[in-house]
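Colleague: If you scroll down you'll find the structure; I have some questions about it.
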Amino acid sequence: MKLNENFSALSESYLFATVAQKSAAYAEAHPDKKVIKLSIGDVTLPLAPAVIAAMHAAVDEMGRKETFRGYPPYEGYEFLRESIAGYYARRGINVPAADIFVSDGAKSDCGNLPELFDRDNLVLVPDPVYPVYVDTNLMAGRKIVYAAAAKENGFLPMPDESVKADVIYLCSPNNPTGAAYTKEQLQKWVDYANARDAVILYDAAYECFVQDGAARSIYEAKGAEKCAIEMCSFSKTAGFTGTRCGYTVVPSALVRGGVSLKEMWFRRQSTKFNGVSYVVQRGAAAVFTEEGQRQVSDNLAYYRENARIIADCMDGCGIFYTGGKNSPYIWLKCPDGMKSWEFFDYLLNEAQVVGTPGSGFGKNGEGFFRLTAFGDRDNTKEACERLYKLLKK
Ligand code: PLP
């Protein structure tokens, strides 16, 4: 037998796994030191009370014969798809419930959507970006070209007519840079994709963090329903990283070579995926109630305040950074020309603070570093005090 040789094109381990291993090894060797993690983008606040109440009620329903439910619909329960459609509608965006697919999170959908496309397509990925887009396409043996996101273009690459991309990944607000496209910028990507029959895979996992008028959905751009699939998640919006729920929009109008991508996706999901549990979907639907929205926005305000504390610290240290306004991430330039992993080791050894090396997000991330605002407030403050002491010029 032959194994999938494409795995040899991958880096040895997934970025966040390496970060976790290194910090665990340090903690084991120095049990007297308190290590503070501002690395992986995991949330720390508990689920909102409205979500918990809805999930408790759903558990009770599952415990009674008259209200028990078995397999959920592959594409999600109607009540949740309608709530998501309503969430779009309140922002003036028309996404019918029928085009929404509920899933166990945006990571799975990111990883699975490429199955809709032939291996020979040219895939365009911003650099730096969430590593899942690159790794999943490498596993499938696809050719990838990169769109450089750097200080010079505000970390927002725009279409290059000389690049003939077929599948285009966009992540806005971006992980790790925090840069977010405006509606006008997205329009240029949509026009480029429609002109070339390409498909955009738009990751909106951080849309709820946008606060300066940047776009929150690719469907704000005209004609996007003819070229774009949008992935979103309850992970960052409502703290569902451990509960697992997300959704993907595949518009009915998205057709290539006479074939509906929505039908292909339904075929794929109904073959390989058995849906998200009723209890979790009831919890997710509660996020969109008035009470749920108020509670999750309190949590977002907490994380935004953490971002402000980290940004203030960087200002005090005279370190260049971006992000932290439309996203929970601060993307900073490593001081004194240090490389990303060099700076990682320096912070771990000298301040016992763990961040994520920018080089793990792509070649253009080298020399940069990501800190997350998803931490606990006291830990964030303590980490910033240590960083200030170490890095202040
Ligand atoms: N997309 C981006 C850009 C992310 O940063 C993350 C998680 O960090 C995800 C998707 C994963 O989301 P989920 O928890 O819904 O799988």
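Computed from the coordinates by the stated procedures, all read-outs in this text should not be read as laboratory data. All values reported here derive from a predicted model rather than from experimental measurement. A quick note on method: Cβ atoms are made from the backbone with ideal geometry, for glycine too, and the neighbour counts reach across all protein chains shown.
Colleague: Filter Lys226/Lys262; Lys236/Lys333; Lys151/Lys363; Lys151/Lys339; Lys236/Lys325 down to the pairs with a C-alpha to C-alpha distance above 19 Å, please.
Modeller: Working: Lys226/Lys262 11 Å; Lys236/Lys333 25 Å; Lys151/Lys363 14 Å; Lys151/Lys339 17 Å; Lys236/Lys325 15 Å.
Result: Lys236/Lys333 exceed 19 Å.
Colleague: Determine, from the Cβ-Cβ distance of Thr182 and Glu82 and an R0 of 22 Å, the FRET efficiency 1/(1 + (r/R0)^6), rounded to the nearest 0.05. Each step should come with its number before you reach the end.
Modeller: On the way: r = 29 Å, r/R0 = 1.33.
Calculated value: 0.15.
Colleague: Write down the radius of gyration of the stretch 203-320 and its Dmax, each obtained from C-alpha positions, in Å.
Modeller: 18.1, 57
Colleague: Please list 3J(HN,Hα) in residue order for the stretch 356-366, calculated via the Karplus relation 6.51 cos²θ - 1.76 cosθ + 1.60 where θ = phi - 60°; whole Hz, with x for glycine and proline.
Modeller: 10, x, x, 5, x, 9, x, 4, 6, x, 4
Colleague: For the stretch 110-175, what is the convex hull volume of the alpha-carbon atoms per residue, in Å³?
Modeller: Hull volume over Cα atoms, normalised by residue count, gives 80 Å³.
Colleague: Continuing with the same structure: In whole Å, what are the Cα extents of the chain along the three principal axes, biggest one first?
Modeller: So the extents along the principal axes, rounded to whole Å, are 59, 56, 52.
Colleague: Right, next: Provide the packing ranking of 343-351, 358-366, i.e. peptides ordered by the mean count of other C-beta atoms within 10 Å per residue, highest first.
Modeller: 358-366, 343-351
Colleague: Further, regarding this structure: Could I have the simple spin-label model distance between Arg268 and Ser297, label points 7 Å from Cα toward Cβ, reported in nm to one decimal?
Modeller: About 3.5 nm separates the two model spin labels.
Colleague: Can you compute the modelled spin-label distance between Val255 and Asp378, with each label point 7 Å from Cα toward Cβ, in nm?
Modeller: 6.0 nm
Colleague: Okay, moving on. Is it possible to state the helix-based mean residue ellipticity at 222 nm for the chain, with each DSSP H run of 4+ residues giving -39500 (n - 2.57), the sum divided by total residues, to the nearest 500 deg cm²/dmol? What is it?
Modeller: -12000 deg cm²/dmol
Colleague: Hey, can you grab everything whose amide H is under 5 Å from the amide H of Ile168? Only 5+ residues off in sequence or another chain; H modelled, so Pro and N-termini drop out.
Modeller: Result for Ile168 returns Leu124, Val199, Ile200, Leu201.
Colleague: Once amide H atoms are built 1.01 Å from N in the peptide plane, which residues 5 or more positions from Phe369, or in another chain, come under 5 Å H to H?
Modeller: Leu332, Cys334, Gly358
Colleague: Below 8 Å between Cα atoms, with a sequence gap of 6+, how large is the relative contact order for the stretch 194-263 in percent?
Modeller: Values: 104 pairs, mean separation 20.1, N = 70.
It rounds to 29 percent for the stretch 194-263.
Colleague: What would the Debye formula give as log10 I(q)/I(0) at q = 0.10, 0.16, 0.17 Å⁻¹ for the alpha-carbon point model of the stretch 2-132, no solvent?
Modeller: Treating every Cα as an identical point scatterer, log10 I(q)/I(0) equals -0.66, -1.19, -1.21.
Colleague: Quick one: grab Rg to one decimal and Dmax as a whole number for the stretch 194-253, Cα atoms only, in Å.
Modeller: 12.8, 40
Colleague: Tell me which residues come under 5 Å, amide H to amide H, from Ser233 once H is placed; ignore anything under 5 positions away on its chain.
Modeller: Sorted by chain and number, the residues that satisfy this are Tyr247.
Colleague: Hey, another quick one. Can you tally the net charge around Met338? Count Lys and Arg as +1, Asp and Glu as -1, for every other residue whose Cβ sits under 13 Å from the Cβ of Met338. Each step should come with its number before you reach the end.
Modeller: Working: positive: Lys333, Lys339; negative: Asp336, Glu342, Asp345, Glu350, Glu366.
Net charge around Met338: -3.
Colleague: Less than 9 Å Cβ to Cβ from Ala373, Lys/Arg counted +1 and Asp/Glu -1: what total charge do the surrounding residues give? It would help to have the intermediate numbers written out before the result.
Modeller: Details: positive: Arg304, Arg308; negative: Glu305.
Charge balance near Ala373 sits at +1.
Colleague: For the stretch 323-393, go through all pairs of different Cα atoms, get the mean of 1/r, take its inverse, and jot down that Kirkwood value in Å.
Modeller: Evaluated over the stretch 323-393, this radius sits at 12.4 Å.
Colleague: While we're here: Which of the lysines could a cross-linker bridge to Lys34, judged by Cα under 23 Å and excluding same-chain residues fewer than eight apart?
Modeller: Cα-Cα hits under 23 Å: Lys22, Lys381, Lys389, Lys392.
Colleague: Taking the chain as a whole, which cysteines find no other cysteine Cβ under 4.7 angstrom from their Cβ?
Modeller: Cys110, Cys171, Cys208, Cys227, Cys232, Cys245, Cys317, Cys334
Colleague: Modelled label-to-label distance, Val35 and Asp191, 7 Å Cα→beta-carbon offset: nm?
Modeller: Those two pseudo-labels are separated by 5.0 nm.
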